[in-house]
1. How much of M77 can a 1.4 Å solvent probe reach, expressed as accessible area in Å² and rounded to 10?
2. With a cut-off of 8 Å between alpha carbons and a minimum separation of six or more residues, what is the relative contact order of the chain in percent?
3. At 7 Å along the Cα-to-beta-carbon direction for both A53 and R102, put a label point, then send me their distance in nm to one decimal.
4. Provide the per-residue ³J(HN,Hα) series for segment 7-24, in order, calculated from phi with Karplus coefficients 6.51, -1.76, 1.60 and θ = phi - 60°, each as a whole number of Hz, with x at glycine and proline positions.
5. For the chain, what does the accessible surface come to per residue with a 1.4 Å probe? Please give it in Å².
6. Quick one: if you stick a label point 7 Å off each Cα along the C-beta vector at Q110 and Q44, how many nm between them?
7. Only sites in a loop by DSSP and with at most 13 other Cβ atoms within 10 Å count here; which chymotrypsin sites (Phe, Trp or Tyr not before Pro) in segment 1-50 make the cut?
8. Quantify, in whole percent, the carbon and sulfur part of the accessible surface of the chain (1.4 Å probe; protein heavy atoms only).
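The values are calculated or read from the model by the stated rules, or taken from the named source; none is laboratory data. Everything numeric in this text was worked out from a predicted model, so none of it was measured. Cβ sites come from the backbone with ideal geometry, for glycine too, and all protein chains shown count toward neighbours. SASA here: full protein model, heavy atoms, side chains in, ligands and nucleic acids out. Shrake-Rupley method; radii C 1.70, N 1.55, O 1.52, S 1.80 Å.
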Amino acid sequence: QVRLVESGGGLVQAGGSLRLSCAASGIIFSVSTMGWYRQAPGKQRELVAVITASDNTNYADSVKGRFTIARDNAKNMVYLQMNSLKPEDTAVYYCNMPGMIRDYWGQGTQVTVSS
């Protein structure tokens, strides 16, 4: 059974930093593409960053140069380092793993950036 558990969200002032973590279980993590998505109130869920099994990364234009996605295959963990946070980064952040039949999601972690 696939399980993704996020942690690390919180309240931070604009310009600050947070690191989100996602613990994965029930999958062969080292061969899995992993991603971070976010959903702000009243908006659709959007891709923030993705990392492939070979460590290729891709970012939303809105976070390029500020956010960094990384993975630790030994610990089955994926991280999102968020720097220079802006109020518009406020959202629930979700860990994601695309599967053969369906996508898998964590429960989400709230990030709130105050101005």
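1. 40
2. Numbers: 276 pairs, mean separation 41.2, N = 115.
Reported as a whole number, the value is 36 percent.
3. Output for this residue pair reads 2.2 nm.
4. So the Karplus estimates, Gly and Pro as x, are 7, x, x, x, 9, 9, 7, 4, x, x, 10, 9, 10, 8, 10, 9, 9, 10 Hz.
5. 54
6. Label-label distance for Q110 and Q44, simple model: 2.6 nm.
7. Filter output for segment 1-50: empty list.
8. 48
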